[in-house]
Amino acid sequence: MNLQSIHRLIKPELTRTERILKDCLFNNGHPALVFAEQLSRFKGKKLRPILLLLSAQAAGGTKPIHFKLATVVELIHNASLVHDDVLDEATLRRNHKTINQRWGNESSILFGDYLFSHAFLTCLQVKSEEVNRIISQTAFKMCYGELTHTGRKFDLSLSEAEYLEIIQQKTAALFSAACQLGALFATNERARTVSQQQNISRLTQYGLNFGMAYQIIDDYLDIASQEKDTGKTGWSDLSKGKITLPIIRLIQSLPAKKRNYLQRLISPGRNGSPQKRSRTKIQDRSEIIKLLNEHDALSYTLQKARDYVRQAQVSLNFIKDSEAKLLLQKLAGEIVPR
C-alpha cells in the first residue's frame with residue numbers, strides 16, 4: 001500500500017484539513033498570496049496531518065479539534081521547509097522552483113515566519129493549554145536542532161549519537177507531536193483511563209521512531225539519489241557542510257589518511273572563513289559515493305532506518321486492532337526504499 005492509497009482511504013478527513021489550511025493561506029489581496037500559490041505547487045505528502053488523523057482514529061476517533069491540529073502541524077512543517085530551502089540554497093522542491101529561488105531569501109524568510117505565526121494563531125483558536133505547550137516545545141526543539149546542526153558544519157568529529165539527537169529534535173519531534181496530539185484529543189481529557197494513557201504514550205513513541213527513520217532516509221537520499229528521482233536539489237546537506245549518518249559511518253570506517261582525504265573532498269576551503277566554507281561545493285561526488293559503497297556506509301544507513309521502522313511498528317503492538325492501526329504500520333513500512 002502506497003501513500004496515494006492511504007490518501008484515498010482518509011480523503012474526507014484530509015479534505016477538511018486542507019480546507020482549513022487554504023482558509024489560512026489564501027486570503028485574496030494579501031501580500032503572502034503569491035508565495036502561498038507557489039507553496040501549493042509543491043504538493044507535499046501531508047504526512048504529519050495523516051499521522052495525526054490516523055493516531056486519532058487508532059486512539060478513539062477523530063473530532064473537530066483534530067482538523068485544526070492537523071492544520072497547525074502542516075503549517076509548522078511548511079514554515080520549516082521554506083526556511084530550510086534558504087539555508088540549503090535549494091533551487092528545486094518537488095520539481096518546482098523554491099520560493100527563495102523565485103523571490104529571494106528575504107521574502108522566503110518572511111513567508112516562513114508568516115507560516116509559523118499562522119500556526120500559533122490557529123493554536124489559540126483551539127483554546128487548550130496542552131496544545132500550546134506541545135506545539136511551543138516542538139517548535140523550540142526544531143529550531144534548537146537546526147541551530148546545533150548548523151553550528152557543526154564541516155565537523156567530521158560529529159558522532160552518531162550527536163547526529164541522532166539532532167534529528168530527533170529537528171525532525172522527529174514534529175512527527176511525535178502530531179501523533180501525540182491525535183491520540184490526546186481522541187479521549188476525554190478529564191477522565192482518561194490507564195489504557196488510554198498508555199495508547200497515547202505508544203503513539204507518541206511511534207511518531208518519534210517514524211520521524212527518526214524518515215530523516216535518516218532523507219539524508220540517505222540526499223547523497224544516493226538523483227535530483228530527477230527526488231524532485232529537489234541534491235547533495236544540499238554535504239555541499240553546505242552538514243554531516244549526516246552516511247558520512248559519519250564512513251568516517252568511523254576510514255583510517256586517518258583517508259579521513260584527511262575525505263575532509264578535502266567535502267571541504268576544500270575548510271581553512272577559510274565560515275562564509276567561504278559555506279559556499280564550497282563538492283568537488284568529486286563520485287569519489288565520495290565510491291568510498292561510501294566500499295565501506296558499506298550506505299547499507300548501514302538503510303539498516304539504521306529499518307531499525308527505527310521496526311521500533312515504530314512495535315510501539316503499535318498493544319493498541320487495539322483497527323484499520324487506522326494497520327495503516328500506521330504500513331506507512332512506517334513504506335519509509336525505507338526497496
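The values are calculated or read from the model by the stated rules, or taken from the named source; none is laboratory data. What you are looking at is a predicted structure, and each value in this text was computed from that prediction instead of being measured. Counting neighbours? That spans all protein chains shown, and the Cβs are built from the backbone with ideal geometry, glycine included. All accessible areas refer to the heavy atoms of the entire protein, side chains included, with ligands and DNA or RNA removed. Shrake-Rupley method; radii C 1.70, N 1.55, O 1.52, S 1.80 Å.
Filter the stretch 85-106 down to the residues that are crowded, with 22+ Cβ neighbours inside 10 Å, assigned to a helix (DSSP H, G or I) and under 17 Å from the mean Cα position of the chain (by Cα) and list them by number. Explain how you work it out, then say what you get.
In the first step, residues of the stretch 85-106 are kept if they are crowded, with 22+ Cβ neighbours inside 10 Å; the result is 85, 93, 98-100.
Then keep just the ones that are assigned to a helix (DSSP H, G or I); that gives 85, 99-100.
Result: D85, single match.
Taking into account only those residues within the stretch 34-60 that are loosely packed, with under 13 Cβ neighbours inside 10 Å and farther than 16 Å from H7 by Cα, which is modelled with the highest pLDDT?
Here the answer is E37.
Return yes when L110 is open to solvent by 50 Å² or more (accessible area, probe 1.4 Å) and part of a helix (DSSP H, G or I) and no when it is not.
Numbers: open to solvent by 50 Å² or more (accessible area, probe 1.4 Å): yes; part of a helix (DSSP H, G or I): yes.
Answer is yes for this residue.
Name the one entry in A191, A178 that is on the phi < 0 side of the Ramachandran plot and at pLDDT 95 or above.
Values: A191 fails: at pLDDT 95 or above.
Exactly one of A191, A178 is on the phi < 0 side of the Ramachandran plot and at pLDDT 95 or above, namely A178.
Pairs needed: first member in the stretch 210-224, more than 22 Å from A178 (Cα to Cα); second member anywhere, open to solvent by less than 40 Å² (accessible area, probe 1.4 Å); C-beta distance under 6 Å; at least 6 residues apart or different chains.
Y220/T301; D222/D237; I223/P246; A224/L298
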